[in-house]
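Student: Input: one structure, supplied below.
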Amino acid sequence: MKCGILLCFLGICTLNTTGEKDRNLNSNYHTDVKVMAATGSEAVSSPKEQEKGNGLLLYLNNYSFYAQKVIMALMEKRLPFKSQVVNIAKGEQYQPWFLDINPRGEVPVLKDGVKIIPDSARIIDYLEDNFSNGDTRLIPLDQGPEIRQRVLHFRNLLDPIPANVITIGSFLHPKFVGKPKAPFIAPVRKALVAGEEKNVANLRKLAEKHPNIKRILLEKAEVQEKKHQLVMDEASFEKLLDQVDTALQEVEKELASRSENDPRWLCSERFTVADISLTILLDRLYLLGLETRYWSDGKKPGIARYYARVCQRDTYKQTVPSQITHLKTFLEMQPGLVIGTVIFTAIAVIIGGFLFLKKK
């Protein structure tokens with residue numbers, strides 16, 4: 001049971017030193033209570049309500065790497081939307097109601113009226129084609145073909161990087177990483193590895209239970225098996241990490257020649273779809289402890305400056321989970337252990353504050 005609950009961290013994005021304070025204070029983070037995007041949008045509370053009305057409805061998990069790309073795109077475009085959290089910990093992605101929406105059992109999925117769009121890249125393209133005007137375009141059309149081609153080039157460079165494979169691989173081969181950040185504590189890493197080992201078998205069992213989508217689930221199981229083989233082999237995983245470094249070297253080349261006060265993001269002064277891809281990727285690498293391999297300690301100063309800057313961006317703060325969200329998830333994971341830790345921490349803070357005031 002504990003392993004099942006911990007699986008909700010499969011696509012997690014977590015704290016970083018440059019944005020931690022702002023994240024803690026961010027009350028607009030889209031939880032089960034509310035989702036905000038410029039004018040704001042409310043979360044849907046049950047599957048039945050998903051069918052009511054028009055407008056944008058995003059099926060997501062708060063910790064999904066790919067869902068975070070879509071959330072940030074919606075925030076950047078200032079589009080109001082409703083959200084339906086798919087509880088991966090309880091296996092909701094494989095419940096009949098969600099398999100009817102996406103037979104692959106994956107988030108994110110966007111629903112616009114009767115239209116259903118799966119896959120983060122397809123969703124962002126759909127939003128760009130149907131909900132763009134002026135400075136809300138993520139692929140600028142008014143800055144010349146060179147900028148547009150640069151945006152598309154970096155998007156195509158970064159999007160194929162398999163974040164979930166890197167995530168699990170970093171747990172299996174800790175020699176390649178520095179210090180993982182919370183909430184990737186040891187029990188979480190252990191549970192994710194255990195879940196990864198059972199994933200293929202579970203998909204094949206599920207395929208037998210759902211003959212109407214059996215082919216889709218078996219194809220997914222085959223893909224997952226190949227990924228598992230890749231992630232288990234240390235040499236193959238190291239080669240993957242080197243491929244990531246090659247992509248980041250190209251990003252660094254673009255950023256390094258600029259001054260610290262240069263207003264441009266990756267491709268232009270506008271925040272584009274390429275910036276979304278880079279931001280969510282850097283955040284994932286940071287929480288895994290891979291910043292020590294790729295950009296910290298002067299390895300890639302341009303990327304280091306970029307990441308520190310983007311962590312202050314409002315849409316970033318609205319996209320990533322807050323400490324409160326992490327705490328809530330931990331409480332669901334291991335109530336006894338976590339509550340005890342929380343109480344101890346709270347007492348320590350109160351005592352520390354009292355001594356500080358007394359000293360003053």
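Student: What is the Cα convex hull volume of region 68-140 when expressed per residue in Å³?
Tutor: Dividing the Cα hull volume of region 68-140 by its residue count gives 90 Å³.
Student: Figure the gain on full extension for Ala186 and Ala121 (residue separation times 0.36 nm, minus the Cα-Cα span) and round it to one decimal in nm.
Tutor: Working it through step by step, the gained length comes to 20.2 nm.
Student: Taking only protein heavy atoms into account and a 1.4 Å probe, give the accessible area per residue of region 111-155 in Å².
Tutor: On a per-residue basis, region 111-155 sits at 54 Å².
Student: On the protein heavy atoms, probe 1.4 angstrom, tell me the percent of accessible surface of region 102-244 carried by carbon and sulfur.
Tutor: The C+S portion of the solvent-accessible surface of region 102-244 is 52 percent.
Student: So, one more: Per 0.36 nm of contour for each residue apart, how much would the distance between Lys209 and Ser132 grow if the chain were fully extended, relative to their Cα-Cα spacing?
Tutor: 23.5 nm
Student: According to a simple spin-label model (label point 7 Å from Cα along Cα-to-Cβ), what is the distance in nm between Gln95 and Gln243?
Tutor: 3.6 nm
Student: If you don't mind, there's one more thing I want to ask. Short version: ³J(HN,Hα) in whole Hz for each residue of region 218-224, in order, from phi by Karplus 6.51 cos²θ - 1.76 cosθ + 1.60 (θ = phi - 60°), x for Gly and Pro, what are they?
Tutor: Per-residue couplings from phi come out as 5, 5, 5, 4, 5, 5, 4 Hz.
Student: Can you compute the modelled spin-label distance between Asp233 and Asp142, with each label point 7 Å from Cα toward Cβ, in nm?
Tutor: So the two model labels end up 5.0 nm from each other.
Student: So, one more: Would you calculate the separation in nanometres between label points at Lys179 and Lys299, each defined as 7 Å from the Cα along the Cα-to-beta-carbon direction?
Tutor: Each label point is offset 7 Å from its Cα along the Cβ direction, giving 1.6 nm.
Student: Given a Förster distance of 51 angstrom, what is the FRET efficiency for Val193 paired with Asn261, based on the Cβ-Cβ distance and rounded to 0.05?
Tutor: Efficiency computed from Cβ-Cβ geometry: 0.70.
Student: In addition: Step through the table entries Lys175/Lys226; Lys69/Lys317; Lys253/Lys299; Lys69/Lys90; Lys175/Lys253; Lys69/Lys175, compare each Cα-Cα distance with 18 Å, and write down the pairs that go over it.
Tutor: Flagged as over cut-off: Lys175/Lys226; Lys69/Lys90; Lys175/Lys253; Lys69/Lys175.
Student: Apply the a/c threshold of 1.5 to the C-alpha gyration tensor of region 130-217 and tell me whether it is rounded, prolate or oblate.
Tutor: Oblate, since a/c reaches 1.5 and b/c is not below a/b.
Student: Please list, in order along region 269-275, the HN-Hα scalar couplings obtained from phi with the Karplus expression 6.51 cos²θ - 1.76 cosθ + 1.60 (θ = phi - 60°), rounded to whole Hz, x for Gly and Pro.
Tutor: Running phi through 6.51 cos²θ - 1.76 cosθ + 1.60 with θ = phi - 60° gives 5, 8, 7, 10, 4, 5, 5 Hz.
Student: How big is the charge dipole of region 85-161 about its Cα centre, in debye rounded to the nearest 20, if each Lys and Arg gets +1 on its Cβ and each Asp and Glu gets -1 on its Cβ?
Tutor: 120 debye
Student: Average projected area of the Cα convex hull of region 196-265, in nm²?
Tutor: In nm², the orientation-averaged hull projection of region 196-265 is 7.6.
The values are calculated or read from the model by the stated rules, or taken from the named source; none is laboratory data. Everything numeric here is computed off the predicted structure, so don't read it as measured data. Virtual Cβ from ideal backbone geometry, glycine too; neighbours counted across all protein chains shown. To get the accessible areas, we keep the full protein, side chains included, count just its heavy atoms, and leave off ligands, DNA and RNA. Shrake-Rupley method; radii C 1.70, N 1.55, O 1.52, S 1.80 Å.
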